[in-house]
Amino acid sequence: MTLTQALDNLIRKYREVPFSSWEALYPGVGQLSDTASGNPSDDDWWQAQTDVLEISSAQDGPRYARVLIVVYPQGIHTLAPPPSATLNFYEDGRVVGTFANGDPFEFLQLRSGAV
């Protein structure tokens, strides 16, 4: 699996996570880590860092959590640039973001899981 494919899989996984779960992570925890299954010494092994960058407090619009996902090859955090995506998770269940290839999406959660 390439890093771009790993990022797309994480986007699809995380877009089911409701706003309230991201809100609970911020600011105390603020970050999640994820890794590929399998052997860390394999060439296609990856690790991901997911940060809750902000929780909006705008009173004139819907609240949202801005979340950044970055995927790295095993043990390396200094590539320029690693595949990444920023997603906005809204209280009403909408998720707005961009896939690794740059295609934007808007997703409506029908049933949401927790982080």
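The values are calculated or read from the model by the stated rules, or taken from the named source; none is laboratory data. As the structure is a computational prediction, the values presented were derived from the model and not from experiment. When we count neighbours, we look across all protein chains shown, and the Cβ atoms used for this are built from the backbone with ideal geometry, even at glycine. All accessible areas refer to the heavy atoms of the entire protein, side chains included, with ligands and DNA or RNA removed. Shrake-Rupley method; radii C 1.70, N 1.55, O 1.52, S 1.80 Å.
Would you please name the GluC sites (Glu not before Pro) within region 25-109 that are DSSP coil residues with at most 14 other C-beta atoms within 10 Å of their C-beta? Passing both the DSSP loop test and the Cβ count: Glu91. Here the Karplus curve 6.51 cos²θ - 1.76 cosθ + 1.60, taken at θ = phi - 60°, turns the phi angles of region 16-27 into couplings of 7, 7, x, 3, 4, 6, 5, 4, 5, 7, 9, x Hz, with x standing for Gly and Pro. In this simple spin-label model, placing a label point 7 Å from the Cα along the Cα-to-Cβ direction at both Phe107 and Ser57 gives a separation of 2.9 nm. Charge dipole of the chain (Cα centre as origin; +1 on each Lys and Arg Cβ, -1 on each Asp and Glu Cβ, all else neutral): 180 debye, rounded to the nearest 20.
For the Cα atoms of the chain, what angle does the longest principal axis make with the long axis of helix 3-14, in degrees from 0 to 90, nearest 10? The helix 3-14 is inclined about 30 degrees to the chain. The residues of the chain expose, per residue, 56 Å² of accessible area to a 1.4 Å probe.
The relative contact order of the chain comes to 29 percent, based on Cα pairs under 8 Å that sit 6 or more residues apart. When the solvent-accessible area of the chain is split by element, carbon and sulfur atoms take up 49 percent of it, the probe being 1.4 Å. Near the amide H of Arg94, within less than 5 Å, lie the amide hydrogens of Gln109, all on another chain or at least 5 residues away, with H placed in the peptide plane.
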